[in-house]
1. Any chance you could list the semi-axes, whole Å, largest first, of the equivalent ellipsoid that the Cα gyration tensor gives for chain A, using √(5λ)?
2. What spacing in nm lies between the two simple spin-label points modelled at A:GLN6 and C:VAL160, each 7 Å away from Cα in the Cβ direction?
3. About the Cα centre of the stretch B:104-238, what is the dipole size in debye to 20, counting +1 per Lys and Arg Cβ and -1 per Asp and Glu Cβ, all else neutral?
4. What order, most packed first, do the peptides C:25-34, C:227-236 have when packing is the mean number of other Cβ atoms within 10 Å of each residue?
5. Taking the Cβ of A:LEU97 as the centre, find all other residues whose Cβ is under 14 Å away and add up their charges (Lys, Arg: +1; Asp, Glu: -1).
6. Where in the stretch C:8-22 is the amide nitrogen less than 18 Å from a point lying 7 Å along the Cα-to-Cβ axis of C:LEU304?
7. Whats the longest run of chain C with zero GluC sites (Glu not before Pro) that are DSSP loop and have at most 10 other Cβ atoms within 10 Å?
8. Which of the helices in chain C, when you take each full DSSP H run, stretch at least 27 Å along the axis at their Cα atoms and have an average Kyte-Doolittle score of 1.0 or higher?
Amino acid sequence: MEGLAQDILNALLLGGLYAIVAIGLSTIFGIVRLVNLAHGDLMILAAYLSLFMASALGVSPLLTLVAIIPIMFVIGYVLQRFLLNRVLGAEMEPPLLVAFGVSIILQNFMLMTFTPDARSLMSDLSLMTFPLGSNLNIPILYLIDFCIAVAVIIGQHYFLQNTYMGRGIRAASDDKYAAELMGINTRNTYAVAMGIAIMTAGVAGVLVGMTFTFYPHSGPQYLIIAFGVVVIGGLGSMKGTFAGGLILALAQILGARVFGPGYQLLCGYIVLLIVLAVRPQGILGRG
Amino acid sequence: MPSDTALDIERINVFYDDFHALWDISLKVDKGQIVSIIGSNGSGKSTLLNTIAGQLNPKTGAIAYFGEAISDLASHETVARGIALVPEGRRVFPRLTVFENLLMGSYPPKARKNREQSLENIYELFPRLKERRNQMADTLSGGEQQMLAIGRALMSQPKVLLCDEISLGLAPIVIKDIYQKIKQINAMGLTIILVEQDITRSLKAADRAYVMLEGKIVLEGAPSELTEERVKEAYFGI
Amino acid sequence: MADRFTRVKWTVLALLAAGLGTVPVWGSDYAILFFMLFCIYLAMAQMWNLLAGYSGLISLGQQSFVGLGGYTVAVLSSYYGINIWIGVVLGGLASVLLALFMSLFIFRMKGVYFAIGTWIFAEALLVWFSNWAYVKYGSGLFIKPTNEISMATIYYAAFVVGVGSVVLVYMLLRSRLGLGLMAMRDDDQVSATLGVEVFRSKLYCFLISAFVTGIVAGIFYIFQIFIQPYKAFAIDWTVKLVFMVIIGGIGTIEGPIVGALIYVLLSQFMAEYFSVSMLVLGGIAIVVILLAPKGIMGTLQEKLGFEILSPRRY
């Protein structure tokens, strides 16, 4: 039983990280009905950019977020506005396949540019812990991940609920035709939504880069995590995203505890597949 | 060159890809008029409204709005200029509240500045909407949704209101109520174009009527000039 | 006139097939390798096209069957000394069983969820095999045929499956199942009301694609001699199939043929620059989806009415 409490604490905090990994995918899927298969790769791209900036400028990776955030927004906006908007339509295949193509291009681009070596956004924070009571330690890094994740997700929620642009995004996702009649330029709106999604992916990427090692091909594993959170937690709900993150993290950590570290990913996959089969709209999702 | 003709449509031809939907349509609407466009399904009435609103653009011909050429504009540009369309089937945003739906109507910057006042006016016109303002739009009845759709269109402070089949699927007593509101809206100074399948109702409300068949205008005139006989003949293409 | 075209068409096709079937006789070693890869990718691409182009099922997880087919052959030949060709067939059957199991989960899912479900299964298999002592974890296994197998034999096997896959798809589409599929492709719900068994048709296609993919993977790994989880279950397989079919022409029988040819040509060309070649492939695929979404053969069919292997009935 020892270490179980620590595992659960870690899972809680990790769940927050998973939630912010997923929020971008969830937003775009909920709004434009597009599964951005390049989501994970864009995260990793942000991690590499942060690495580059942090070492060039000699600053903490967290500071690079100041630049990464607008850069990723622009990347997302441009991607949607000039590429993905063109394939949005009745059929589901073209956007999926285009996103797939982008994913492959990104991975190979990063492979060629940054070499296949393992990387990490090391900082002093990586090893620090904060004791809680006599038995537990809070890894500071996980805590930071968690706090930033909460801040970003709540911030985005507020934006979507309470601003004109945010409501416009929701309206455009409900009914594109009617939204256009309101004077909403849906091409722009979708691009803004994607910009926001990729921006959060960028933040998630930097956090992930600080917390784990990454490679050019690390993208897909985070895509699957994102997808897992969305499936388990359901779309369109902030609580759902957090719940999904938590459950997935728990499944992985407890799975590793019971079956061994090699099975960490597998346990996550199994939980995901079960939820997909039994309750595809997610545990907290709307039917 | 500004003029008092709200809409001057000259010989427009509109296509859906290769399908010729509107043939040489010409139409004039004076400021403050209520104009009725009648026709069966597929006659092109919705296409006409969509073209005026900017969802479609005519291949040939011209549309002038108070003297300004608008045939090449997109919807968000025509809305900003004061043309609002209440779409067929109402199409309120189901996952937004009544209040948020109305707010969406005032998206264009000019309308946004005056949104408080516009909201007041709409709540006065449609008290039911004020009651239900925090409810999700998809929980409203058909009639209430229609009122919401009209209210939402009015939020953009239009000068011309295009109504696409606002009586569709509604009970007669509700329709009566809605048409009364249309009269009130007209009295406020708006020019209104009504597209309907229901001949009697829209003829009663209008200053001028047009009958469409297969993308062409086959009959026009003041309702007093148009006997039911003639209208039915034109409607069915006899 | 149409008759003469038909006769010419079939003659040319027969000649091409004969040429393809006799490569070990007239071709260099390099040619044998080239056309063998062509046949293998052709079969896999036909199957992916059967799913995505005709059944409306986008599979991002064909590599599950590749890995399972390959590992079946490896395990049976290395550990139990079973005849390699029996191993190949068993690999196909194992893939069918896997597909059946997968279908319990993923056939409840629609559209995009289905696609990702197939991918997740493949990833799960990757992790499973990497951690499985029985198959020596991630270090991989050798394929050890009991007797010496010549390159020519492997080639003929690949040829049979490759051309066989084209014939199979053609016959399938001309059958009752095929008519239903083509109706479904246009409108799922309407065709359901007409009595087309949507679910069953899709399931059959999924199982068939698993079988053929499993078999052809077995043949591929006989050639490769060595199999490892991270390569056998890698998404790379799907990447290649997607690109082949998209560029060649999705929803046409000729499309995968053209696509496989282009891919093998390109990969030979750019053998040293793997990353660049994938990047280029990705870029071409995107351009194709944007500008000519029906691919080479699809666009030709649309613009010129040019159909070589048409499953249509007149």
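Each reported figure results from applying straightforward, stated rules to the coordinates on display, with no laboratory input. All values reported here derive from a predicted model rather than from experimental measurement. Every residue, glycine as well, gets a Cβ built from its backbone with ideal geometry; the counts of neighbours run over all protein chains shown.
1. So the three semi-axes of chain A are 30, 22, 18 Å.
2. Output for this residue pair reads 5.9 nm.
3. In total the dipole reaches around 660 debye.
4. Put in order of decreasing packing, that is C:227-236, C:25-34.
5. Result for the local shell: +1.
6. Only C:8-13 fall inside the zone, counting backbone N under 18 Å.
7. C:1-147
8. Counting only whole DSSP H runs, the qualifying helices are C:29-49, C:84-106, C:111-130, C:151-174, C:198-224.
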